[in-house]
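Quick note: the coordinates plus some simple rules give every number you see, no bench work behind them. Since the model is a prediction, treat every value here as computed from it, not as a measurement. Cβ atoms come from the backbone with ideal geometry, glycine included; neighbour counts cover every protein chain shown.
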Amino acid sequence: MRPVLYIGNRRFSTWSLRPWLVLKKAGIAFDETLIPLYNSETRKAVSAISPGGTVPALHTRNAVVWDSLAIAEWAAEQVPGLWPAHQGLRARARAAVAMMHSGFPALREACPMDLCRAPSAIALTDRARIDIAAVQALWHEVKCVDGPWLFGDWSIADAFYTPVAARFHAYAIPLHAGAQDYCDTLLADEHYRDWHAAAQAETFPNPYDKTI
Ligand SMILES: N[C@@H](CCC(=O)N[C@@H](CS)C(=O)NCC(=O)O)C(=O)O
C-alpha cells in the first residue's frame, strides 16, 4: 500500500504544503486525498482520518502520522538527506524548523497564505513587521553554506519556509536582497510550482471572502 497524505485546500493550507514538499523531495510515492476545509463537514471528515483532528495526516502501512513536522520526520527516517548531514547544520535546521512550526503568530495572522491572491500590500501591524524582520534575520543568521537553499542542499527547513515565501509574495512584502533571492528560489521550485498550479484549479469558497 502506498502511503496516503490527507491534505487541506492547497490554496490555503500551509501545513499541508510542507510535508507534501518533503515527500516529493524524498521521492516517496504516495497518494493524496484532499479534505475541503472551512465547511460544516470538515470537522467530521478530518476527525475520521486524523487522531489529532487536523490535516495533514499521513496513513502509512503501519502508522497514522498527523502533524506536518512528524510527517517530515517520518520521511527523514525512510530516506537519507532530508536533514543536513553535518551535525551542527542539522541542529540549526531543526531549530529553524521548530521556530516556524510554533512561531511567528503575528505574521500568520496578518498574512494568511492564499496562493490565488494577486500580490498587493496591506497595512501591517507592528507585531507582524517584527515577525517579518525576525524571519529575515533568521535566514541571514543560519545561511552559512553557499547555494540557494538554507542549509546547502535542499532540506526540510526549506519546505517549512516555502509557505512564508508565498505569504511574502502575496502581500508584496519588501525584503532584503538575500531574503528576496531565497524566496524567489523557493517559489520557483518545480514541486512548489506543481502545488501552486493545482491550487489555482481549486473551486472551493474563499473563507476570507466576507460575502460568503
Ligand atoms: N500543528 C499541525 C497544525 C495543522 C492544522 O492546523 N491544520 C488545519 C488546516 S491547515 C486543520 O486541520 N484544521 C481543522 C479544521 O479546520 O477543522 C501540523 O503541523 O500539522
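Positive end of the dipole of segment 154-212 (Cβ unit charges, origin at the Cα centre): among W154, F204, L187, the Cα lying farthest that way belongs to F204. Membrane-span-like helices in the chain, defined here as complete DSSP H runs extending at least 20 Å along the helix axis by their C-alpha atoms with mean Kyte-Doolittle hydropathy no lower than -0.5, are 87-102, 126-142, 156-170; this is a sequence and geometry rule, not a statement about a membrane.
Computed from point charges on the beta carbon alone (+1 for Lys and Arg, -1 for Asp and Glu), the dipole magnitude for segment 3-98 about its Cα centre is near 260 Debye. May I ask for log10 I(q)/I(0) of segment 1-95 at q = 0.16, 0.25 Å⁻¹, from a Debye sum over the Cα atoms as equal point scatterers with solvent left out? Computed log10 I(q)/I(0) values: -0.65, -1.29. Springs between alpha-carbon pairs under 10 angstrom, Gaussian network model over the chain: which of G52, G152, G88 fluctuates most? Answer for the Gaussian network model of the chain: G88.
Placing pseudo-labels 7 Å out from each Cα toward the beta carbon at V64 and T125 gives an inter-label distance of 3.4 nm. Cα centroids of segment 47-94 and segment 129-189: 21 Å apart.
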